[in-house]
Amino acid sequence: MAITLMNTAINRNVMYYTVSVKFLKVFGSRHGICFFLILCFVPTLTSIAQNTKGRQQEPVSNETPLADASAAQSNFLSRITTTPVTILKTFRDAGMSPTAHQMSKAELDVVAKAFSLLPPLHQRVLARHLHSISFLDNMPNTALTSPVGEEGGKKRYHITFRAGILHQSVSEWLTEKEQTCFATDSSGYSVSIQAGLLSAMTYVLLHEGTHVLDGSLGLISDPADRVKTDFSTSFTAGVWKDIRTPDWICSDCLADKNRFRPGGRPFAYADAPKVYNSLMETPFASFYSTASWHEDLAELVTLYHFTRVLKQPFKIIVSRPGAPTRVFEPMDNKRVRQRLGLLSTFYKQDFAGRRQ
């Protein structure tokens with residue numbers, strides 16, 4: 001989902017548009033929109049916690065991530081395969097030439113570890129709905145989740161990953177992605193993210209895995225659905241009017257103009273303090289969360305698991321020589337914390353969604 005840095009912003013935007021149009025043709029409008037949003041990421045729930053004075057109690061997980069990768073290795077590593085021809089063709093038709101990546105033993109260990117650190121619901125649902133995964137070199141984006149039909153009445157998905165993330169820490173990768181939200185200027189400001197030393201693969205797999213849960217279990221209702229799930233209603237209330245239209249009020253909605261929003265563009269680095277002050281007035285954990293309600297869910301689940309379960313930091317650092325360093329922690333933002341109680345079902349084994 002994090003797109004590889006291109007030579008210019010214009011080249012990136014042309015590539016995004018070309019690939020997203022082709023996915024719209026191949027997969028249809030709903031999936032096409034989802035894939036467009038995924039490409040822009042550069043680089044269920046029926047059991048809901050009760051509100052208490054407007055704030056939901058954060059979920060408490062009794063689950064301990066696997067100490068080693070053995071379970072994940074047996075369940076998921078066998079699903080590593082070649083990238084479907086239709087996906088490769090879409091990239092190549094857009095003028096890109098990704099190639100199959102040959103996995104090393106060390107890289108397989110990184111993948112196995114990432115699967116072992118997933119929440120229990122992710123592991124259970126992916127075991128049923130994840131058909132396969134693959135890794136590409138020279139891939140223009142970080143990851144792509146694609147529907148590949150049904151088996152036994154169950155939706156099946158393939159996830160394609162850019163192999164480069166196997167050699168990046170999550171802090172390195174998130175910093176690279178965040179910096180694409182800014183245009184170089186002479187202000188001297190810089191932006192970085194401290195998110196620990198776990199592999200970027202762990203973050204990306206959790207984010208993409210949440211998309212698989214979202215699609216497989218119908219977590220956030222499609223606009224065409226007559227009846228919304230309880231989770232969908234609660235998750236979007238006061239946050240989203242529809243899939244891409246936000247529904248929140250803030251004194252300065254500068255955050256709504258970030259590059260992942262329709263009509264958005266990179267900010268000047270000089271505006272970084274104001275930009276993140278604005279983000280802290282929203283119910284979103286990151287700029288990418290504002291891309292759509294599906295990306296909002298994937299980001300919130302991922303950052304919750306990283307900060308609360310895996311005990312990793314998530315700090316946005318804004319600095320300039322000679323000036324005080326500013327530190328922003330969106331997961332401690334009051335409006336974000338009010339939404340965390342909705343995530344309790346990701347840490348239960350007995351989920352019974354409307355689709356399994």
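For the residues I243, I220, the requirement of being of a type in the set (A, V, I, L, M, F, W, C), closer than 12 Å to W293 by Cβ and open to solvent by 10 Å² or more (accessible area, probe 1.4 Å) singles out I243.
The residues of the stretch 252-264 that are within 23 Å of A323 (Cβ to Cβ) and loosely packed, with under 15 Cβ neighbours inside 10 Å amount to a single one, D252.
Residues in the stretch 311-334 that are in a helix (DSSP H, G or I) and surrounded by fewer than 18 Cβ atoms within 10 Å (Cβ to Cβ): D332, K334.
Would you mind stating whether I220 is modelled with pLDDT of 95 or more, of a type outside the set (K, R) and under 16 Å from the mean Cα position of the chain (by Cα)?
Working: modelled with pLDDT of 95 or more: no; of a type outside the set (K, R): yes; under 16 Å from the mean Cα position of the chain (by Cα): yes.
Spelling it out, it is not the case that I220 is modelled with pLDDT of 95 or more, of a type outside the set (K, R) and under 16 Å from the mean Cα position of the chain (by Cα).
Filtered by the rule that a residue be of a type in the set (S, T, Y) and not in a helix (DSSP H, G or I), the stretch 174-200 gives T180, T184, S186, S187, Y189, S190, S192, S199. So is F267 under 28 Å from F182 (Cβ atoms), open to solvent by 10 Å² or more (accessible area, probe 1.4 Å) and modelled with pLDDT of 95 or more or not? In short, yes. A Cβ distance below 9 Å, combined with a sequence gap of six or more or placement on separate chains, defines the contacts here; from the stretch 136-156, residues that are within 21 Å of S104 (Cα to Cα) and of a type in the set (D, E, K, R) reach residues that are in a strand (DSSP E or B) and modelled with pLDDT of 90 or more in the pairs D137/T99; D137/A100; D137/R162. From the residues in the stretch 86-99 that are under 20 Å from E208 (Cα atoms) and out of contact with any His (no Cβ under 8 Å at 6 or more places or on another chain), which one is most open to solvent (accessible area, probe 1.4 Å)? This residue is T86. In the set (1) open to solvent by less than 10 Å² (accessible area, probe 1.4 Å); (2) more than 18 Å from A237 (Cα to Cα); (3) hydroxyl-bearing (S, T, Y), T307 fails one condition alone, (1).
The values are calculated or read from the model by the stated rules, or taken from the named source; none is laboratory data. Given the structure is predicted, the values throughout are model-derived calculations rather than measurements. Methodologically, a virtual Cβ is constructed for each residue, glycine included, from the backbone with ideal geometry; neighbour enumeration extends over all protein chains shown. We work out accessible area using only protein heavy atoms, side chains counted, and drop any ligands, DNA or RNA first. Shrake-Rupley method; radii C 1.70, N 1.55, O 1.52, S 1.80 Å.
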